[in-house]
Amino acid sequence: MSSPKTSRARPNKIEPAYRLAHERYASLGVDVDAALAALAKIPISLHCWQGDDVGGFESLGSALGGGLAVTGNHPGKARTPDELRADLEKALSLIPGQHRLNLHAMYGEFGGKRVDRDEIDLAHFKNWIDWAKSEGLGLDFNPTCFAHPKAADGFTLSHRDKDIRQFWVEHCRRSREIGAAMGKALSTPCVTNLWIPDGFKDTPADRYAPRERLASSLDEVFKKPLPAKHNLDAVEPKLFGIGAESCTVGSHEFYLGYAITRRKLLCLDAGHFHPTESIADKISSVLLYVPEILLHVSRGVRWDSDHVVTFNDDLQAIAREVIATGHARRVHLGLDYFDASINRIAAWVIGARNLLRALLVALLEPPGIRAAELAGDNTARLALQEEARALPFGAVWDYYCESKGVPVGEAWLAEVKGYEKNVLSKRG
Ligand code: RNT
Ligand code: ZN
């Protein structure tokens with residue numbers, strides 16, 4: 001809990017610190033006002049699944065599976081759509097700017113009925129759309145191709161059984177339609193991202209046929225053209241999953257080729273590559289060949305562990321590339337992690353504030369760095385890059401939070417603790 005003294009004293013110091021920082025950046029040719037205006041226009045899609053450990057609201061009774069694993073048992077997870085919405089409202093009130101919500105199909109409202117994945121429709125998401133409208137949020141969407149008996153053997157769209165493939169094609173087809181309806185209702189395109197767990201625990205005898213089946217299932221899913229102003233299709237590759245260590249059907253090469261030839265968005269998840277392989281360097285390459293990309297900003301620790309995003313070098317490199325390419329409008333940003341070992345609302349707030357802070361640092365990059373490179377002066381480039389690390393971006397960030405009416409610094413934590421005490425701790 002922050003003492004009343006600190007919260008009273010701090011705001012008075014924000015302005016003067018900001019003015020000094022403003023001057024310092026101006027002396028390096030950085031337009032701080034333009035950076036803040038640009039930051040305010042970048043939405044982050046908050047992943048609904050951090051709020052309930054990827055549980056969802058179906059009555060289908062399947063374990064998570066699909067190589068996904070959530071660890072931790074912090075009390076107070078959302079058990080109903082209303083609880084999840086309340087938790088999201090709390091999180092969003094602590095994150096500066098206007099953002100989005102990323103929903104999974106398993107979060108439909110089925111009224112306790114057993115609605116199978118190939119039966120979902122818009123009606124099951126009406127409350128989400130109404131709520132998003134009232135909160136001024138855009139929506140993004142995902143078919144849920146895991147946590148289901150028909151995915152229990154680890155294969156969906158690439159399954160050797162035609163009926164099972166058809167079942168998932170139907171689910172994904174409906175998901176796109178729902179996404180398009182969300183985009184239309186909210187007047188902002190919904191990014192509908194398709195990820196499937198399909199993969200082999202041990203060395204497959206045939207890697208070609210499953211990939212051929214996946215390509216043809218995807219072509220069926222995407223057969224109906226939907227207006228880009230309502231729906232944008234994304235596909236998400238992965239290196240491996242727990243239980244699918246030897247071969248993932250939807251690998252990076254598979255989907256890169258698919259996205260380029262079918263003009264789809266490619267989703268790059270920070271945890272889906274080799275542990276030392278960063279997605280930051282992929283952004284500029286991929287943007288040359290696909291119309292737009294989706295980033296799943298995540299943090300793998302030794303594997304695709306989906307830890308809460310921290311303000312580390314990886315995150316800063318990703319944010320830096322999003323901005324430095326000059327094509328930020330073609331990059332959709334979403335968070336993707338699930339930590340059940342800490343307060344789930346804090347997990348959203350920490351990750352989202354970190355991503356925004358990293359974007360701010362990128363927007364405040366002194367132009368001298370690029371100029372040095374253009375002049376062939378690599379000594380100056382390195383010197384300026386390193387000096388830039390100590391520039392007073394914190395003062396600009398504090399000012400930004402204050403100007404957007406959200407808590408400055410760690411003051412947000414007291415709000416989350418209060419919510420935990422008054423709301424979360426009362427959940428069974
Ligand atoms: C899984 C993918 C995928 C999921 C969500 C829940 O490795 O990252 O994006 O995390 O769909
Ligand atoms: Zn992901």
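The values are calculated or read from the model by the stated rules, or taken from the named source; none is laboratory data. Source: prediction; values computed, not measured. Here the Cβ positions follow ideal geometry from the backbone for every residue, glycine too, while neighbour counts run over all protein chains shown. To get the accessible areas, we keep the full protein, side chains included, count just its heavy atoms, and leave off ligands, DNA and RNA. Shrake-Rupley method; radii C 1.70, N 1.55, O 1.52, S 1.80 Å.
Looking only at Glu109, Glu236, Glu212, which one moves most when the chain is put into a Gaussian network model with springs between Cα atoms under 10 Å?
In the Gaussian network model the winner is Glu212.
Anyone know which of Gly409, Gly76, Gly51 comes out most mobile in the 10 Å Cα GNM of the chain?
In this elastic network of the chain, the residue with the biggest mean-square fluctuation among Gly409, Gly76, Gly51 is Gly409.
Suppose R0 equals 35 Å. What FRET efficiency, 1/(1 + (r/R0)^6) with r the Cβ-Cβ distance, do Ser27 and Ser278 give to the nearest 0.05? Intermediate values should be presented prior to the final figure.
Numbers: r = 32 Å, r/R0 = 0.90.
For Ser27 and Ser278, the calculated efficiency is 0.65.
Tell me the angle of helix 162-186 to the major Cα principal axis of the chain, expressed in degrees between 0 and 90 and rounded to the nearest ten.
Helix 162-186 and the main axis of the chain meet at about 40 degrees.
Rg and Dmax of the chain, using alpha carbons, in Å: what are they?
22.0, 67
In degrees, nearest 10, range 0 to 90: what is the angle between the Cα axis of helix 411-422 and the longest Cα principal axis of the chain?
Long axis of 411-422 versus the principal axis of the chain: about 50 degrees.
What nm distance separates the two modelled labels at Lys41 and Ser403, each placed 7 Å from Cα along Cα→Cβ?
Modelled inter-label distance: 1.4 nm.
Give me the accessible area of Cys145, 1.4 Å probe, in Å² rounded to the nearest 10.
Rounded to the nearest 10, that gives 0 Å².
At a 1.4 Å probe radius, carbon and sulfur cover how many percent of the accessible area of the chain? Mind dumping the intermediate values first?
Details: 10130 of 18910 Å².
Using a 1.4 Å probe with all protein chains present, the chain comes out at 54 percent carbon and sulfur.
How far is helix 252-262 tilted, in degrees, relative to the longest principal axis of the Cα atoms in the chain, given as a value from 0 to 90 rounded to the nearest 10?
For helix 252-262, the angle is close to 80 degrees.
State in Å² the accessible area per residue of segment 234-358; use a 1.4 Å probe, count heavy atoms of protein chains only, and round to the nearest integer. Kindly include the intermediate steps, with their values, before the conclusion.
Working: 4560 Å² over 125 residues.
Accessible area per residue, segment 234-358: 37 Å².
Mind checking the alpha-carbon convex hull of segment 352-428 and giving the volume per residue in Å³?
Numbers: hull volume 8.3 nm³, N = 77.
Dividing the Cα hull volume of segment 352-428 by its residues yields 108 Å³.
For Leu391, tell me the accessible area in Å² from a 1.4 Å probe, rounded to the nearest 10.
Accessible area of Leu391: about 10 Å².
For a paramagnetic label modelled at 7 Å from the Cα of Asp82 toward its Cβ, which residues of segment 31-74 fall within the zone defined by backbone nitrogen distances under 17 Å?
57
Which value at 222 nm does the chain reach when only helices count, each DSSP H run of 4 or more adding -39,500 (n - 2.57), with the total divided by all residues and rounded to the nearest 500 deg cm²/dmol?
Computed ellipticity for the chain at 222 nm equals -14000 deg cm²/dmol.
Amide H neighbours of Leu335 under 5 Å, at least 5 residues apart or on other chains, H built in the peptide plane: list them.
Close amide H contacts, sequence-distant or interchain: Ser45, His47, Val297.
Which residues does a label at Glu387 reach in segment 31-58, if reach means a backbone N under 17 Å from a point 7 Å past the Cα toward the Cβ?
Of the residues in segment 31-58, 31 have backbone N under 17 Å from the label point off Glu387.
Pulled fully out, how much extra length does the chain show between Lys133 and Thr310, if you take 0.36 nm times their separation in residues and subtract their Cα-Cα distance?
On the way: separation 177, 0.36 × 177 = 63.72 nm, distance 3.01 nm.
Taking 0.36 nm per residue and subtracting the Cα distance, the gain is 60.7 nm.
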